[in-house]
Amino acid sequence: MEWRRMSRSDKRFLLSLLPFPLILLAILLSMLAVFVLKSLPILEKEGLKVFITNVWRASETNPAKEEYGLLAAIWGSVYTGAIAVLVGALLSTGFAITVEELVRGKARELLSALMDMMAATPTIIYGLWGVVYLAPFLRRYIYLPLHRYLGWLPFFQEYPTTGYTIGTAGILLGIMITPYAAMIIREAYASIPLSLREAAYSIGTTRFEAIRLQMGLIKPAVISALVLGYGRAIGETVAVALVVGNCRSLTLSITAPGITVASLIASMFKAAPYYHYMESALYAGGLALFLIGLAVNLAGLALVRRWEEKWAKYM
Amino acid sequence: MGEVHVAPTRRLKNILGLAAILALAGIALLPLIHITVTVIAQGASTIAKTGLLEFLTGTPHPMNPRNPGGIGPAIEGTLIILALSLCITIPIALNTSIFIAEFKGTPISRTALLLSLLLVEFPTILVGLYIYSTVVEPMHRFSLLAGALAVSIVMLPYMVVEMSEALKSIPRELREAAYSLGASRFKTVYRILLGAAKRGILAGVLLGAAKAVGETAPLLFTLYGAFNTYPHSILDPGAAVSLLIYEYAWQPTPGFRELAWGAALVLMAMVALLIAAARILAGRRVIY
């Protein structure tokens with residue numbers, strides 16, 4: 001609809017509604033402004049060093065001695081997110097194919113209802129379960145054997161003193177993004193035209209070969225689901241804060257405790273006002289998370305859009 | 001139908017491949033089933049220890065091994081935050097989605113939809129920090145109001161996406177019929193279209209409510225976590241069920257964990273009810 005071709009009452013209608021969508025824009029822009037302004041002190045003091053060093057020196061008495069570096073937290077967010085996507089990719093494709101292709105009737109409905117409910121389950125419930133059950137389980141049955149037999153690999157080098165590690169956070173996040181990613185993959189899988197499926201079987205493919213062909217068709221949808229899942233994973237706070245161990249280590253080892261930007265903010269922010277620069281350093285972490293999250297989610301949405309446009313041609 | 005000859009290697013690959021898919025699905029389901037079962041079992045055992053009424057209305061005393069008490073203030077906090085944030089978001093979300101649906105194709109409409117989709121996936125802890133610096137700091141106090149504002153920002157985009165979807169799905173003929181009767185655009189939208197889309201819109205409200213009830217991170221630096229006392233006004237520090245689970249999950253004393261499990265069951269029940277109602281109203285699966 002063009003502005004010039006609108007009637008006067010339509011124009012009035014548009015203008016009277018205009019403030020509402022602008023609220024969304026105002027929220028996003030003012031949020032960006034707050035994070036930039038609040039991280040200025042630390043950026044003036046340390047420059048970009050705050051993002052690429054790994055120190056955390058707080059001092060109540062002498063602000064000049066304070067020094068903060070977020071590298072371990074940024075690394076932790078990126079790394080736990082990557083583990084989550086790896087776990088989520090395997091679990092969600094396995095689940096989506098099973099429900100769409102291998103089970104029928106009541107079982108299918110039941111599985112689908114369970115997944116829908118778990119997609120809506122608050123993340124704090126996953127967190128509570130992770131603290132009480134997942135962390136001890138992983139330490140005993142996965143990390144200890146891996147460390148014992150494959151300890152020479154950098155991934156399992158650290159002795160798992162507790163179950164609260166980078167790996168636990170990544171796996172818990174993977175479990176959490178599975179219902180969401182599975183939902184998107186299932187929708188794409190169900191939208192494959194019957195004719196393509198029949199064409200596959202008509203040339204004599206086995207069931208598994210037909211599934212592989214179809215997964216190839218919807219690969220862009222799977223990738224966009226995982227990108228959006230990655231965005232969710234790096235932004236998650238409470239579930240990660242409970243299981244990640246909260247230790248500023250810069251390591252590849254999944255058996256070592258770590259920290260993420262969101263969990264660093266969650267655990268440090270209440271004490272931050274006692275120091276001169278700590279609050280600003282945490283806002284700088286927030287700013288990094290803001291920009292990474294925005295980039296990842298924009299990429300995910302762009303992928304979804306491109307896939308929908310491409311797919312529309314087949315329908 | 002005759003059996004088609006399939007080479008043994010392909011047959012083997014087929015069997016192994018299908019087995020791998022089923023195994024992955026099994027691994028995906030196990031934790032989800034375990035979570036559901038433990039929340040129900042552990043939660044029910046806590047609530048049975050205290051008694052349902054006392055658990056829902058009493059105050060926590062986690063150091064008492066025989067009866068850890070209830071989570072009344074947290075439930076009240078969650079309900080107050082829910083009510084406040086619905087009051088804030090419903091008018092904004094409704095009018096924003098009317099704009100998106102009515103002027104679809106225009107740059108503003110597309111931008112508004114994109115912004116909502118982006119905000120849906122936004123790290124919620126950042127919203128908490130934002131409200132801390134713009135509301136809590138200037139007012140010099142943590143409050144239920146600040147918590148509600150943070151939750152509002154989180155749920156607003158969900159409602160906009162769902163409601164604009166509902167409004168866009170109304171058949172064109174309905175609008176044309178209204179115009180042909182001489183109704184103005186304003187009247188057509190608010191009397192006819194909203195009426196026709198009311199189930200979808202209500203589903204959007206319920207989905208937003210489910211989000212509001214479950215969020216924890218936006219409340220970390222806005223509410224303070226007053227789990228033991230009932231608030232007197234919305235400007236008092238408050239508590240919420242989700243925040244209570246977070247704070248109590250850290251504690252090694254069994255009483256805290258028991259209360260956290262009971263709270264988890266209450267929270268899961270609330271969310272499940274809201275989601276189920278939204279699904280029935282929308283008449284389809286809802287993307288969360």
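The values are calculated or read from the model by the stated rules, or taken from the named source; none is laboratory data. Note that the structure is predicted; figures quoted are calculated from it, not measured. So basically every Cβ, Gly included, is an ideal-geometry build from the backbone, and we count neighbours across all protein chains shown. These accessible areas exclude ligands, DNA and RNA; they are computed on the full protein's heavy atoms, side chains included. Shrake-Rupley method; radii C 1.70, N 1.55, O 1.52, S 1.80 Å.
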task: Would you point out the residue of the stretch A:95-110, among those that are open to solvent by less than 40 Å² (accessible area, probe 1.4 Å) and either within 7 Å of chain B (Cβ to nearest Cβ) or in contact (Cβ under 8 Å) with a residue 60 or more places away in the chain (or both), that is nearest to B:GLY43 (Cα to Cα)?
output: A:PHE95
- prompt: Residues in the stretch A:147-165 that are within 26 Å of the chain's Cα centre (by Cα) and under 21 Å from A:VAL240 (Cβ atoms): how many?
  reply: 8
field: Failed criterion for A:ILE52 (all others in (1) of a type in the set (A, V, I, L, M); (2) in contact with a helix residue (DSSP H, G or I) (Cβ under 7 Å, 6 or more places away or on another chain); (3) more than 10 Å from every other protein chain (Cβ to nearest Cβ); (4) farther than 25 Å from B:ILE125 by Cβ hold)
entry: (4)
message: With the structure loaded, tell me whether B:PRO68 is closer than 30 Å to B:THR50 by Cα and either within 11 Å of chain A (Cβ to nearest Cβ) or open to solvent by less than 10 Å² (accessible area, probe 1.4 Å) (or both) or whether it fails that test.
response: yes
message: Please determine whether any residue of the stretch B:210-220 is buried (at least 21 other Cβ atoms within 10 Å of the Cβ), farther than 18 Å from B:CYS87 by Cα and acidic (Asp, Glu).
response: no
- line: Residue count, the stretch A:275-315, condition closer than 18 Å to A:LEU40 by Cα and open to solvent by 60 Å² or more (accessible area, probe 1.4 Å), comes to 2
query: Given the structure, is A:SER92 closer than 30 Å to B:THR111 by Cβ, among the polar types (S, T, N, Q), in contact (Cβ under 8 Å) with a residue 24 or more places away in the chain and within 11 Å of chain B (Cβ to nearest Cβ)?
result: no
field: Residue among A:SER267, A:SER263, A:SER224, A:SER253 that is away from chain B (no Cβ under 11 Å) and farther than 25 Å from A:ILE192 by Cα
entry: A:SER253
- prompt: Which residues, taken from the stretch A:112-122, are at pLDDT 90 or above and more than 7 Å from chain B (Cβ to nearest Cβ)?
  reply: none
query: Just one of the numbered conditions (1) open to solvent by less than 30 Å² (accessible area, probe 1.4 Å); (2) in a helix (DSSP H, G or I) is not true of A:SER253; which one?
result: (2)
query: List the pairs whose first member sits in the stretch A:11-31 and is without any contact (Cβ under 8 Å) to a residue 60 or more places away in the chain and within 8 Å of another protein chain (Cβ to nearest Cβ), whose second member is open to solvent by 20 Å² or more (accessible area, probe 1.4 Å) and of a type in the set (Ser, Thr, Tyr), and whose Cβ atoms are under 8 Å apart, counting only residues at least 6 apart or on separate chains?
result: A:PRO21/B:THR111; A:LEU25/B:THR111; A:SER30/B:TYR130; A:SER30/B:THR134
Pairs where the first residue, in the stretch A:193-215, is part of a helix (DSSP H, G or I) and surrounded by fewer than 17 Cβ atoms within 10 Å (Cβ to Cβ) and the second is among the charged types (D, E, K, R) and modelled with pLDDT under 90, C-beta under 8 Å, 6+ apart: A:ARG207/A:GLU101
field: Qualifying residues in the stretch A:34-54 (those that are more than 25 Å from the chain's Cα centre (by Cα) and closer than 21 Å to A:TRP75 by Cα) - the one most open to solvent (accessible area, probe 1.4 Å)
entry: A:LYS49
- request: Quickly run through the stretch A:154-210 and pick out the residues that are in contact with a Leu (Cβ under 8 Å, 6 or more places away or on another chain), within 12 Å of chain B (Cβ to nearest Cβ) and within 30 Å of B:PRO8 (Cβ to Cβ).
  value: A:THR205, A:ARG207, A:PHE208
statement: Here the residues within the stretch B:212-268 that are assigned to a loop (DSSP other than H, G, I, E, B) and within 11 Å of chain A (Cβ to nearest Cβ) are B:GLU215, B:THR216, B:LEU220, B:PHE221, B:GLY225, B:ALA240, B:TRP250, B:GLN251, B:PRO252
